[in-house]
Amino acid sequence: MGRVAAMFLHAVQMVRKNVKNYALLSVTMVLSFSGLLAYLMYTDSSLYNQYKDILSRDSNVVLLTDTSNDVNQEKALLDALKQRNLKANYIRQQVLSKPFAFNDTHYIINTVFCIPSHVWELYEVGWTKSYQITWLDNREEVDISLGPNELLIPRSLYHLFAMEHIEEPVYELWLQGRKSNSSGEEIYFPVNCKVVGVIEDGGAVGWSASEDGKSYAWLPIYISQATVEAAAGDANVSYCGRNLILYTDSPATSEQIIRNFGLNYISTYSQQQEAIKEIQIHNQTKSMITLALFILLTINLYGCFTNTLEYRKFEVGVKRAIGASGGSIMGQFLCEGIVVMLCNLILSIALVTDGFLLYKYFYQKSQGITWTISLTSTSAGMFLGVGICLTLLFSTLFAYKSTQVEIVRYLKAE
């Protein structure tokens, strides 16, 4: 062990002594290794940031986009799914509501959704992504509970009305319905509710200009079905959409059953499978490009190592002339090659990592989006595999070629 350590210590000293001879080789290696690592890291980071939201979701969630046309078919579907490990389900319905005039030119359209009083999770409209909810009373519940005349509003709406300065904020809705008598006259009925929680939505109201010169913002409001029905009294509530949200242990089987019923759905499981397929395709492409870069690096580094050895042939000739064995010379150059390769690998990793940290910083400053740096174990294995293979290959080749120096010829030449 001490002999090996002494060899590497001597190799480090020789590398420092011949640093000018190794300079061109080091520049080539640093550029090559940095390019390979930067490509792998950028590809992995891009894929991760593209799919991290989908892959982080619960794969057991399936959302049927609209079942309002045939409630009997919806019931038949649920009966079929309950035989296939359907754990839970609930209905989300949208109620028409009257726009609210925020000022002369800006109007808020409350997109009101009715849900049961107790649900396991809330999901963004049209997606299977769950809402992050901040409860104003700091409650910590696994499920989501809405009591009588309680509602959830977006953070943007919460700040727009400066509700953070109100001890018990209240929000008024005007929901649409029709009289239950023969006239079926359209009416609006008020619902005054206590704001009990805030849905994370970014915190900024998105105003959209219309042809009438006014700006509108569509903001989701969640309220319990019982609250809406109680406020409507004898009137019939005007529903304009119905979603069936499922939680199943067998998403693939459930999807097939839903397709057999001819219904449209959004599935976290399907989205994740598509993302995984896309990642696998990128991994195959990445492997081919890494192999091509390995071949190019091999050709390039062979020339660089050969040129470096040219400057050391007189040194080798002297050592052989004074009695150094071929094995000792080979061991010296093997250690030198390993030292040089490892130093350049470490330098390449440091340069690429610092570069990506700067990119992440400026990206987040300019876009306001968190950009995550990622390197998969597969990519790390590819990079280390290329580095180790090239290190062993060229260190061994470097050492072997050093023993092939024609001693007398080079000593006479000097």
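The values are calculated or read from the model by the stated rules, or taken from the named source; none is laboratory data. Since we're looking at a predicted model, the values are computed, not measured. Please note: Cβ atoms are built from the backbone with ideal geometry, for glycine as well, and neighbour counts cover all protein chains shown. These accessible areas exclude ligands, DNA and RNA; they are computed on the full protein's heavy atoms, side chains included. Shrake-Rupley method; radii C 1.70, N 1.55, O 1.52, S 1.80 Å.
Kindly list the residues of the range 202-233 that lie in the label zone of Ser183, defined by a backbone N under 12 Å from the point 7 Å along the Cα-to-C-beta vector. So the set is empty, nothing qualifies.
The GNM of the chain, with springs linking C-alpha atoms under 10 angstrom apart, assigns the highest mean-square fluctuation among Gly202, Gly126, Gly177 to Gly202. Scaling the Cα radius of gyration of the range 77-186 by the globular reference 2.2 N^0.38 Å produces a ratio of 1.33.
Greater than 24 Å separation of Cα atoms is the criterion. Which listed pairs, Lys52/Lys286; Lys20/Lys286; Lys129/Lys277; Lys194/Lys214; Lys52/Lys277; Lys87/Lys129, meet it? Too far apart for the 24 Å limit: Lys20/Lys286; Lys194/Lys214. Placing +1 on each Lys and Arg Cβ and -1 on each Asp and Glu Cβ, with no other charges, gives the chain a dipole about its Cα centre of roughly 2960 debye. Projecting the Cα positions of Leu64, Leu47, Val30 onto the charge dipole of the chain (unit charges on Cβ atoms of Lys, Arg, Asp and Glu, taken about the Cα centre) puts Val30 furthest along the positive direction. Take every DSSP beta bridge whose two residues both sit in the chain; close to 75 percent of them are antiparallel.
These residues, Met163, Met288, go from largest to smallest accessible area, 1.4 Å probe, as Met288, Met163. Applying 1/(1 + (r/R0)^6) with R0 = 45 Å to the Cβ-Cβ distance of Trp174 and Leu358 gives a FRET efficiency near 0.30.
With N counted as the residues of the chain, its alpha-carbon radius of gyration over 2.2 N^0.38 Å works out to 1.57.
Heavy atoms of the protein chains alone define the surface here; on that basis the range 1-144 has 56 Å² accessible area per residue at 1.4 Å probe size. When the helices of the chain are scored as -39500 (n - 2.57) per DSSP H run of n ≥ 4 and the total is divided over every residue, the value at 222 nm lands at -18000 deg cm²/dmol.
Taking other residues whose beta carbon is less than 14 angstrom from the beta carbon of Thr65, and scoring Lys, Arg as +1 and Asp, Glu as -1, yields -2. So how tilted is helix 326-367 from the main axis of the chain? Cα-based, degrees 0 to 90, rounded to 10. Helix 326-367 and the main axis of the chain meet at about 30 degrees. Peptides 347-353, 136-142, 234-240, ordered by how many other C-beta atoms sit within 10 Å of their residues on average, highest first, read 347-353, 234-240, 136-142. A cut-off under 13 angstrom between Cβ atoms defines the neighbours of Ser156, and their net charge, with Lys, Arg +1 and Asp, Glu -1, is -2. In the chain, a dipole from Cβ-located charges (positive for Lys and Arg, negative for Asp and Glu) runs towards its positive end, and of Gln94, Gln280, Thr353 it is Thr353 whose Cα lies farthest in that direction.
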